[in-house]
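Readers should treat all values here as calculations from the given coordinates under stated rules, not as data from a laboratory. Note that the structure is a prediction, hence the values are computed from the model and not measured. Here the Cβ positions follow ideal geometry from the backbone for every residue, glycine too, while neighbour counts run over all protein chains shown.
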Amino acid sequence: MAMLELHDVKVRYGAIGALKGITVEVDEGEIVTLLGANGAGKTTTLRTISGQLRPYEGQIRFDGQRIDGMAAHQVVGLGIGHSPEGRRVFPRMSVLENLQMGAYRFGKARKEDLDRVFTLFPRLLERKTQDGGTLSGGEQQMLAIGRALMSRPRLLLLDEPSMGLAPLLVQQIFDIIGEINAQGTTVLLVEQNAAQALSIAHRGYVLETGSIVMSDGASSLLVDPRVKAAYLGEGAA
């Protein structure tokens, strides 16, 4: 049984079908990536898993338990963390306070969790008294991921972690995602940088206008002519 299972999930925004019956599985210990252009349904998929949106058809199961009717805080309580698109740090709260907010399911932040985040992201330790809104884009991305880790997730949902970052920082972020996975956290990654995502993922799904059009091992997707033409900036020939 997969850790996470989406079966024939359909989501609408009003009359518009955002997800048109997608089926996705994530096994424990994997990094699985969702690829696709803007508007393909990637962010909608993560928001539906985390309880911010509800499907009108289909099922979502985590460890065999249905979660598609649960509120977002209940989903977090089961062990699913979400680092959202756009980072959404609390701008007038310090780095430390932002991280403490991520630990709300426990009542207060645990020292060992803070130590883990500061070990993964030493820059956050240097900035821990600084307001979140004063951080650079890369530092805010580190903070968003660190905040999600404070809930001790077994499954981490990452939405566009490299968006707007300089290439050197992109590599650093992906190295850290690999380290988080190596420490035992399963990752479902939404990312427009297909080459980077596939370089660390085990498997991938390609979304187009709310439908899954391809799924395969990451190494196979990297060399697939259709993926290369559409997402890697290479000709299909």
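Database remark: amide H of Ser94 closer than 5 angstrom to the amide H of Gly132 (H placed geometrically; neighbours at sequence offset of 5 or more, or on other chains; Pro and chain starts carry no H). Shown in residue order for segment 210-218 are the 3J(HN,Hα) couplings computed by the Karplus curve 6.51 cos²θ - 1.76 cosθ + 1.60 at θ = phi - 60°: x, 10, 7, 10, 8, 8, 5, x, 4 Hz (x for Gly and Pro). Derived value for the chain: Kirkwood hydrodynamic radius 18.0 Å. Basis is the mean of 1/r over every pair of different alpha-carbon atoms. 3J(HN,Hα) couplings calculated from phi for segment 94-108 with the Karplus curve 6.51 cos²θ - 1.76 cosθ + 1.60 (θ = phi - 60°) are, in sequence order, 5, 4, 4, 5, 4, 5, 4, 4, x, 9, 4, 5, 9, x, 7 Hz; Gly and Pro show x. Residue ranges 147-155, 93-101 sort as 147-155, 93-101 when ordered by packing (mean number of other C-beta atoms within 10 Å per residue, highest first).
Once each part is reduced to its C-alpha centroid, what is the distance from segment 4-28 to segment 149-209 in angstrom? If you average the Cα positions of each part, the centres end up 20 Å apart. Pairs of lysine residues in the chain that meet both criteria, 8 or more places apart or on different chains and Cα atoms under 25 Å apart, total 7.
Among beta bridges from DSSP that stay inside segment 110-237, the antiparallel ones total about 55%. DSSP beta bridges fully contained in segment 4-231 are about 55 percent antiparallel.
Take each peptide in 187-197, 69-79, count the other Cβ atoms within 10 Å of every residue, and average; sorted highest first, the result is 187-197, 69-79. Taking every DSSP helix (H) stretch of at least 4 residues in the chain, weighting each as -39,500 (n - 2.57) and dividing the sum by the residue count yields a mean residue ellipticity at 222 nm of -10000 deg cm²/dmol.
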